[in-house]
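Let me begin by presenting the structure, written as structure tokens, before commenting on it.
The values are calculated or read from the model by the stated rules, or taken from the named source; none is laboratory data. None of the values given here were measured: they were computed from a predicted structure. All Cβ positions, glycine included, derive from the backbone under ideal geometry; neighbour counts span all protein chains shown. Protein only, heavy atoms only, side chains kept; ligands, DNA and RNA dropped before computing areas. Shrake-Rupley method; radii C 1.70, N 1.55, O 1.52, S 1.80 Å.
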Amino acid sequence: MNIVDAKVIVCCPGRNFVTLKLVTEDGITGLGDATLNGRELAVASYLNDHVVPLLIGRDARRIEDTWQYLYVGAYWRRGPVTMASVSAVDMALWDIKAKAAGMPLFQLLGGRSRDGVLVYGHANGQTVEDAVRAVAHYLDLGYKAVRVQSGIPGLASTYGVGRGKLFYEAAEPGTAPAESRWSTEAYLNFLPGLFERVRAEFGPDVHLLHDAHHRLTPIEAARAGKLLEPYHLLWLEDPTPAELQEGFRIIRQHTTTPIAVGEVFNSVFDCYKLIQEQLIDYIRTTVVHAGGITHLRKIASLAEMHQVRTGCHGATDMSPICIAAALHFDLAVHNFGVQEYMPHLDETERVFPHAYTFQDGYMYPGDEPGLGVDIDEGLAARYPYDPAYLPVNRRLDGTMHSW
Ligand code: EZ4
Ligand code: CO
């Protein structure tokens, strides 16, 4: 079952996506997401210039060997550009294998471990009362888990609050990133009141989440976790940048607020200490950025042994191909926790028709063979690449800070 064609498709149906499409000699097609928000063309080049030529003529059935060939074989290991490329190939090969088997992918991964995949949505508002209204809207739609982000008095713009009522789209079209300003003091003074208000309004049962988006030091994150304890979050996400895995020990020593991290991780080596020392509760590595289904399963297996659950990144910069792959994975692995889900724009949905569905706070990958997602190439061609960047962030005195 040799690969006879490999094509990289870059399109912008409302936002930029990079897609890899493989075709075998038997005419089976496989799709992989290779989108790296704000750095899309670097991955397209890596694939076109260095991966596609190696794929033609390879046996599409050899998923593990192809993964190792591209990872070990590149000599230059890891990094988001390399790993998004490897992930796309891996996703497409699992799509092909499941189609050849006539099964939805989750069956090849061991079958269902649960009835449906619990997802959380993104409630946000400029003010606390706007955020409360947004949470109510999500609950009306059936969501059982909601991330809450709000504007902060005194700051002109805040991560997690922006255009889009049902999602937060961070990348802004343009040839240079937008700049925002940040004050840790204003944030920490404001945050507990937001969750006090939301808990008072909606009671103890709804799962509440919050993303600190890498902006705190470990001791500041420890303070945030302590202040939020009365409101028992499902998780506090990305409390501090995780290049320094040891930093999470400080947070752990001070608070029982569950911690999630990992959306920017590329491999198990970014998180093995966090997992083995039980410094986190949820690992957010996702299919497109952490080596595809093949590598994500290895991370999940390590996490399972240490009582860490999965919580895959699922913002709108994961294309429907990645969301489909994540849902198959989430349905199958034992230690699944929760899946992030932001609905895509209608233009995106039309370019990537898919079998997955949302109902009553849960998602279902569907029963089509493979990933259950397609790309309408004719339509995609009508949405050419449009440069867009994630914002950068500065403290009030102008110092660069994590965004
Ligand atoms: O900043 O997807 O939890 N979700 C997030 C997202 C990420 C973007 C980066 O491309 O943190 O908003
Ligand atoms: Co996040």
Check: Does Ile251 qualify as being without any contact (Cβ under 8 Å) to a residue 60 or more places away in the chain, open to solvent by less than 20 Å² (accessible area, probe 1.4 Å) and within 16 Å of ligand 1 (Cβ to nearest atom)?
Finding: no
Over the range 215-240, the set of residues within 16 Å of Ser402 (Cβ to Cβ) and out of contact with any strand residue (DSSP E or B) (no Cβ under 9 Å at 6 or more places or on another chain) is Leu216, Thr217, Pro218, Ile219, Glu220
Of the residues in the range 270-311, those that are within 16 Å of ligand 2 (Cβ to nearest atom) and polar (S, T, N, Q) come to Thr285, Thr286, Thr310
Of the residues in the range 20-51 that are out of contact with any Leu (no Cβ under 8 Å at 6 or more places or on another chain) and aliphatic (A, V, I, L, M), the one that is least open to solvent (accessible area, probe 1.4 Å) is Ala44
Restricting the range 209-232 to residues that are in a loop (DSSP other than H, G, I, E, B) and more than 14 Å from ligand 2 (Cβ to nearest atom), the one least open to solvent (accessible area, probe 1.4 Å) turns out to be Thr217
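Which of the residues that make up the range 243-271 are not polar (S, T, N, Q) and not in a helix (DSSP H, G or I)?
Result: Glu243, Leu244, Glu246, Pro258, Ile259, Ala260, Val261, Gly262, Glu263, Val264, Phe265, Cys271.
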Restricting the range 334-392 to residues that are within 16 Å of ligand 2 (Cβ to nearest atom) and assigned to a loop (DSSP other than H, G, I, E, B), the one most open to solvent (accessible area, probe 1.4 Å) turns out to be Leu390
The condition of being within 30 Å of Asp95 (Cα to Cα) and open to solvent by less than 10 Å² (accessible area, probe 1.4 Å) holds, among Val261, Val268, only for Val261
All-but-one check, Gly314 against (1) within 30 Å of Ile375 (Cβ to Cβ); (2) away from ligand 2 (no atom under 14 Å from the Cβ); (3) open to solvent by less than 20 Å² (accessible area, probe 1.4 Å), failing number (2)
Scanning the range 296-311 for residues that are of a type outside the set (A, V, I, L, M) and crowded, with 24+ Cβ neighbours inside 10 Å gives Thr310, Gly311
Of the residues in the range 1-14, those that are out of contact with any strand residue (DSSP E or B) (no Cβ under 7 Å at 6 or more places or on another chain) and crowded, with 21+ Cβ neighbours inside 10 Å come to Pro13
Worksheet entry | Some residue of the range 179-202 being out of contact with any Ser or Thr (no Cβ under 7 Å at 6 or more places or on another chain) and within 20 Å of Arg284 (Cα to Cα) | no
Of the residues in the range 300-333, those that are part of a loop (DSSP other than H, G, I, E, B) and more than 30 Å from Val10 (Cβ to Cβ) come to His306, Gln307, Val308, Val333
Ser180: passes all of (1) more than 26 Å from Gly337 (Cα to Cα); (2) crowded, with 17+ Cβ neighbours inside 10 Å; (3) of a type in the set (Ser, Thr, Tyr) but (2)
Of the conditions (1) crowded, with 23+ Cβ neighbours inside 10 Å; (2) in a loop (DSSP other than H, G, I, E, B), the single one that Ile293 does not satisfy is (2)
From the option list Ala300, Ala260, Ala290, single residue qualifying as more than 13 Å from ligand 1 (Cβ to nearest atom) and either among the basic types (Lys, Arg) or touching a strand residue (DSSP E or B) at 6+ places or on another chain (Cβ under 6 Å) (or both) is Ala300
Residues in the range 225-244 that are modelled with pLDDT under 95 and either away from ligand 1 (no atom under 16 Å from the Cβ) or in the same structural domain as Trp67 (by TED's automatic domain parsing) (or both) total 2
Quick check, is Asp90 of a type in the set (D, E, K, R) and open to solvent by less than 50 Å² (accessible area, probe 1.4 Å)?
yes
